[in-house]
Amino acid sequence: MIAKITMVLAFAAIAIIIGILCQKHAGSVTGFILGGRNVGPWLSAFAFGTSYFSAVIFVGYAGQFGWKYGLSATWVGIGNAILGSLLAWWVLGPRTREMTQRLGAATMPEFFGKRYRSRALRIAAAAIIFVFLIPYTASVYNGLSRLFGMAFGLPYEACVIGMALITCIYVVLGGYMATVVNDFLQGIVMLFGITAVICAVLAGNGGFSQAVIGLSHVQAETNPDLQGAFVSMFGPDLLNLLGVVVLTSLGTWGLPQMVQKFYAIKSGPAIKQGAIISTIFAMVVAGGSYFLGGFGRLYSGQIEMSAAGTPIYDSIIPTMLSTLPDLLVGLVIVLVLSASMSTLSSLVLTSSSTLTLDLLKDNVVKNMDEKRQLTWMRGLLVAFVAISAIIALVQYNSSITFIAQLMSISWGALAGTFLGPFLWGLYSKRISKAAVWTSFIVGVSLTSGNMIAGFFGHALIASPINCGALAMLLSLAIVPLVSLATKPVDFDMDIALPSRKSATDREIEAEARAEGLEEIEPLA
């Protein structure tokens with residue numbers, strides 16, 4: 001117990017110290033939310049990965065989908081690495097970095113407003129982010145708190161409040177730089193931690209071969225005629241497994257807190273380097289988490305069950321870990337704490353900056369200078385942490401839904417709304433405002449409508465996972481199709497393409513670099 005407490009206290013102290021040391025980078029709006037657009041590839045890649053994978057993945061998704069699909073759930077982690085990380089960096093990274101700087105956009109709603117020349121789109125995007133990031137933020141608390149309860153016997157409320165306080169302190173003090181430096185250290189813990197946990201769990205089940213043999217004897221409820229369903233390559237339910245891969249992988253392309261990492265990275269080769277680092281990180285952490293969850297049915301006699309006789313998915317991974325040595329449990333606690341804190345800090349920083357810059361500034365609060373913007377962002381950051389903590393407490397005491405459902409509703413609504421307008425907006429000059437509005441309406445209506453109908457037992461799509469995946473695919477299809485029949489926005493795409501810069505533009509940039517300027521004035 002002393003070892004576990006010492007590890008957690010050391011983690012909290014390091015996070016706060018980093019926040020204090022990074023204060024010098026948080027004196028301006030750009031510095032506070034983007035680190036001055038000068039963040040290196042290692043910090044950016046680890047920030048992307050640690051924001052991607054939290055307790056929602058490790059406890060919620062790994063437990064639920066490992067139980068449903070067995071070892072084939074590992075495909076979800078592979079999809080996260082290839083589609084959600086590598087291709088996202090290759091396709092979105094360079095364009096996003098160049099275009100957002102030249103437009104002078106610091107948030108996703110600001111990008112929409114300037115790219116599509118519409119203040120209304122900017123406000124609508126900010127409102128959607130504000131509404132749908134909250135349930136995701138709340139879901140981050142739950143998995144962590146279950147592990148704390150298992151390791152320390154602490155009440156859920158104490159865990160939530162403690163995590164909220166630590167996050168507030170270091171993000172309010174150091175902003176984006178404090179977040180990414182902490183993310184880097186937390187990412188290292190996650191890499192070593194997940195490797196150690198997998199080895200320990202397999203060893204506790206007689207080794208890899210014996211664990212696979214034991215799992216092969218378990219029958220799948222959905223397909224009892226399929227022998228060895230949970231050790232097969234594609235598992236007992238390939239179609240729904242594919243929906244999970246799409247939601248958790250393609251979703252990163254349209255999530256504001258993920259895309260914003262490309263705004264802040266250095267230009268040049270840093271993006272290519274970050275792509276490789278991020279992919280390896282995702283393969284180890286996500287692939288390892290889902291692989292670990294695939295052995296959850298070996299603990300079926302110990303897992304907490306609901307009144308209906310179904311497993312409580314959020315309890316699967318904690319049950320698997322409860323038999324580990326105390327020192328290793330302490331490492332797991334720090335691992336999941338690392339994943340959760342990094343995701344939480346990214347979410348609340350995105351929410352507070354979006355609400356301040358895109359909703360309040362010039363709309364509600366006039367003449368908001370830079371100092372007042374920073375004050376508002378810090379105040380709202382604290383407010384978002386508090387609101388999400390309250391929602392987490394209410395959800396826990398009422399048992400409204402599982403972690404995975406909360407997250408999938410949020411991911412589906414945000415990525416299903418923004419994916420098409422953002423991706424096509426980077427690459428095509430023929431996109432119309434009508435197409436963007438259509439994607440916004442369809443994404444929000446489909447995911448929210450399905451969730452509300454589900455409360456009354458009449459969900460259009462039974463799985464919120466599949467609903468979110470469908471919303472993303474529809475967004476990708478709707479934007480170009482509607483644009484064909486409507487007037488495109490008059491926008492000069494040449495500002496986004498370094499290869500098409502004029503000689504004058506290149507001379508301006510060369511002079512800026514020679515003078516040691518970190519940022520180039522927007523050309524449009």
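Numbers below:
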| item | result |
| --- | --- |
| Cα centre as origin, Lys/Arg/Asp/Glu Cβ charges: the chain dipole, Debye | 800 debye |
| On Cα atoms only, tilt of 433-455 relative to the major axis of the chain in degrees | 20 degrees |
| Potential extension, A203-V394 segment - 0.36 nm per residue separation minus Cα distance | 64.9 nm |
| Within straight-line cross-link reach of K266, lysines at Cα separation under 26 Å, skipping those fewer than 8 residues along the same chain | K24, K114, K371, K429, K501 |
| C-alpha center-to-center spacing [the range 298-316, the range 414-431] in angstrom | 41 Å |
| Ordering of 93-101, 336-344 by packing [mean C-beta count within 10 Å, highest first] | 336-344, 93-101 |
| Helix-derived mean residue ellipticity, 222 nm - over the chain, DSSP H n ≥ 4, -39500 (n - 2.57), to 500 | -23500 deg cm²/dmol |
| Peptides ranked, highest mean first, by Cβ atoms within 10 Å: ranges 105-113, 230-238 | 105-113, 230-238 |
| Proximal lysines relative to K272, as straight alpha-carbon distance under 17 Å, when same-chain residues fewer than 8 apart are discounted | K261 |
| Estimated FRET transfer efficiency (K487, S445; beta-carbon r; R0 25 Å; 0.05) | 0.60 |
| The chain: angle of helix 41-52 to the longest principal axis, Cα-based, in degrees nearest 10 | 50 degrees |
| Whole-number percent relative contact order across the chain, with pairs defined as alpha carbons under 8 Å at least 6 apart | 29 percent |
| Estimated distance in nm for a label pair at E304 and K24, the labels positioned 7 Å out from Cα along Cα-to-Cβ | 4.7 nm |
| Cα gyration tensor shape of the range 250-291, rounded if a/c is under 1.5, else prolate or oblate by comparing a/b with b/c | oblate |
| The range 1-116: C-alpha gyration tensor shape, a/c 1.5 cut-off, then a/b vs b/c | oblate |
| Packing-based order for 295-302, 323-330, using average beta carbon neighbours within 10 Å, highest first | 295-302, 323-330 |
| Measure of compaction for the chain (Cα Rg per 2.2 N^0.38 Å) | 0.95 |
| Estimated FRET transfer efficiency (I188, S322; beta-carbon r; R0 41 Å; 0.05) | 0.95 |
| FRET efficiency estimate (nearest 0.05) - Cβ-Cβ, K366 to A386, R0 30 angstrom | 0.65 |
| Karplus-derived 3J(HN,Hα), 6.51/-1.76/1.60, for each residue of the range 472-479, Hz, glycine and proline x | 5, 5, 5, 4, 5, 7, 5, 4 |
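The numbers here are math on the coordinates, done by the rules we state, and not lab data. Quick caveat, the model's predicted, so the values are computed rather than measured. As a convention, Cβ positions derive from the backbone with ideal geometry for all residues, glycine included, and neighbour counts pool all protein chains shown.
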